[in-house]
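See below for the structure under consideration.
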Amino acid sequence: MAKTSQPVSVVTGGAGFLGSHLVDRLLAEGHRVIAIDNLVTGNTANMGHLVGNENFRFVKQNVSNFIFLPEPKIDYVFHFASPASPIDYLELPIPTLKVGALGTHNTLGLAKDKNAAFILASTSEVYGDPLEHPQKEDYWGNVNPIGPRGVYDEAKRFAEAITMAYHRYHRVDTRIVRIFNTYGPRMRLRDGRVVPAFIGQALSGQSLSVFGDGSQTRSFCYVSDLIDGIFRLAMSDFHEPVNLGNPREMTIKQFADEIIRITGTKSAVDYKPLPVDDPKVRQPDITRAKKILGWEPRVEFEEGIKQTIDYFKESLKG
Ligand code: UDP
């Protein structure tokens, strides 16, 4: 049935960084898209270019409350709503827990009711401060449930558990994507994450705030690569979690040096205390994504960072 008619997708968090890029990709693939967002960390500017697009509809709602959509046919429900930067979820601990728990329950209920496929945006944070490196999907993680990051990590772990329960018990057609650090245009300049923080500081001549001694590592994936992996996963029939991210790992100090080099700023580096439970290493093992989805990142670090710098230059003007 879905084959002969236009696919319909729901994207929660559709006004956010990843959600809005996903909306664009789905529209480009010919879907009709309903974006739902309560705009706590999302921004309508990320959907401004879609005003008047007859295939797009925006619903302002908190998905931690019951979701009613009148559409008789929905093919895909993408649950991407959540505060997602460490600063955001420290400021919004209860909404973060609720959207990962109640929001996932509600969106699974919607998918079950409409007989839609369900795609959960999970995270590398389910691995916590990992004792295995790089991280494979079969690693169970090292998470502090009562630490400040626990509100995000445990909510996402619960979200994975309830997604698998709906799959096994209710036979909902589910997917789980574990998203590693991703960057690109539409990140919020002041969301506290390292990419906007360093670029914003470099462009305004402030020192780059390296937390700890900068020896902790991250692996940064450009947003278009990530969205391509998510689309491929949605179109697959694979139900186990899949890591998506770029395995190119670097220390945070190296990242600061790269931003200084590429922007040409005169800014120095300023060392600040390391946040509690900050993971010391992070790098995705993407063997599964390569095998199942035929996917791997294509955008070079320097190219992606230049695109992102251009975006923040424009944001700083506004
Ligand atoms: N970080 C930093 N300076 C900042 C923001 C973050 O050194 O201004 C570090 C942070 O401690 C972490 C890494 O950069 O080790 C990535 O942080 P981010 O908040 O981007 O995301 P995380 O990967 O920790 O979820």
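The values are calculated or read from the model by the stated rules, or taken from the named source; none is laboratory data. Since the structure is predicted, the reported quantities are computational estimates derived from the model, not experimental observations. No Cβ is skipped: glycine too gets one built from the backbone with ideal geometry, and neighbour counts run over all protein chains shown. For accessibility, only protein heavy atoms count, side chains too; no ligands or nucleic acids. Shrake-Rupley method; radii C 1.70, N 1.55, O 1.52, S 1.80 Å.
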- [ ] Sort out which residues of region 42-55 are outside any helix (DSSP H, G or I) and out of contact with any Leu (no Cβ under 9 Å at 6 or more places or on another chain), and write them in order of number.
- [x] Gly42, Asn43, Val51, Gly52, Glu54
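Against the condition surrounded by fewer than 15 Cβ atoms within 10 Å (Cβ to Cβ) and over 22 Å from Leu226 (Cα atoms), how does Asn38 come out, does it pass? Show your work before the answer.
Working: surrounded by fewer than 15 Cβ atoms within 10 Å (Cβ to Cβ): no; over 22 Å from Leu226 (Cα atoms): yes.
Judged against the criteria, Asn38 is not a match.
I need the helices (runs of 4 or more DSSP H) fully contained in region 72-183, keeping only those with at least 3 residues that are of a type in the set (Gly, Ala, Ser).
Values: elements: 86-91, 93-114, 150-170.
Counting at least 3 such residues, we get 93-114, 150-170.
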TODO: Taking Ala161 as meeting all but one of (1) touching a strand residue (DSSP E or B) at 6+ places or on another chain (Cβ under 9 Å); (2) at negative phi, write down the number of the exception.
DONE: (1)
- [ ] Would you please name the residue that is nearest to Gln135 (Cα to Cα), looking only at residues in region 237-253 that are more than 11 Å from the ligand (Cβ to nearest atom) and in a strand (DSSP E or B)?
- [x] Asn243
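For region 274-296, how many residues meet the condition of being assigned to a loop (DSSP other than H, G, I, E, B), away from the ligand (no atom under 16 Å from the Cβ) and open to solvent by less than 30 Å² (accessible area, probe 1.4 Å)? Steps first, please.
Just the residues of region 274-296 that are assigned to a loop (DSSP other than H, G, I, E, B), to begin with: 274-283, 285-286, 294-296.
Checking which are away from the ligand (no atom under 16 Å from the Cβ) leaves us with 285-286, 294-296.
Then drop every residue that is not open to solvent by less than 30 Å² (accessible area, probe 1.4 Å), which leaves 285-286, 295.
Total meeting the criteria: 3.
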TODO: Residue by residue through region 204-236, note down the ones that are outside any loop (DSSP other than H, G, I, E, B), open to solvent by 20 Å² or more (accessible area, probe 1.4 Å) and among the acidic types (Asp, Glu).
DONE: Asp228
TODO: Return only the number of the condition from (1) within 13 Å of Ile199 (Cα to Cα); (2) in contact with a strand residue (DSSP E or B) (Cβ under 7 Å, 6 or more places away or on another chain); (3) open to solvent by 90 Å² or more (accessible area, probe 1.4 Å) that Lys306 does not satisfy.
DONE: (2)
TODO: Identify all residues within region 192-220 that are of a type outside the set (Gly, Ala, Ser), within 28 Å of Glu132 (Cβ to Cβ), more than 8 Å from the ligand (Cβ to nearest atom) and under 16 Å from the mean Cα position of the chain (by Cα); write none if there are none.
DONE: Phe220
Open item on the list: Quick test for you: out of Phe68, Phe58, pick the one residue that is open to solvent by 50 Å² or more (accessible area, probe 1.4 Å), of a type in the set (A, V, I, L, M, F, W, C) and part of a loop (DSSP other than H, G, I, E, B).
Closed with: Phe68
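Which residue out of Lys280, Lys290 is basic (Lys, Arg) and without any contact (Cβ under 8 Å) to a residue 12 or more places away in the chain?
Details: Lys280 fails: without any contact (Cβ under 8 Å) to a residue 12 or more places away in the chain.
Answer to the check: Lys290.
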TODO: May I ask you to list pairs of residues, at least six apart or on different chains, whose Cβ atoms are under 6 Å apart, with the first in region 22-41 being within 23 Å of Val99 (Cα to Cα) and part of a strand (DSSP E or B) and the second being β-branched (Val, Ile, Thr) and open to solvent by less than 10 Å² (accessible area, probe 1.4 Å)?
DONE: Val33/Val23; Ile34/Val10; Ala35/Val11; Ala35/Val23; Ile36/Thr12; Ile36/Val63
Task: Within region 106-133, tally of residues that are out of contact with any helix residue (DSSP H, G or I) (no Cβ under 6 Å at 6 or more places or on another chain) and either open to solvent by 10 Å² or more (accessible area, probe 1.4 Å) or under 20 Å from Val172 (Cβ atoms) (or both) - done: 16
TODO: Report, by residue number, each residue of region 254-273 that is within 14 Å of the ligand (Cβ to nearest atom), without any contact (Cβ under 8 Å) to a residue 60 or more places away in the chain and open to solvent by less than 60 Å² (accessible area, probe 1.4 Å).
DONE: Ala256, Glu258, Ile260
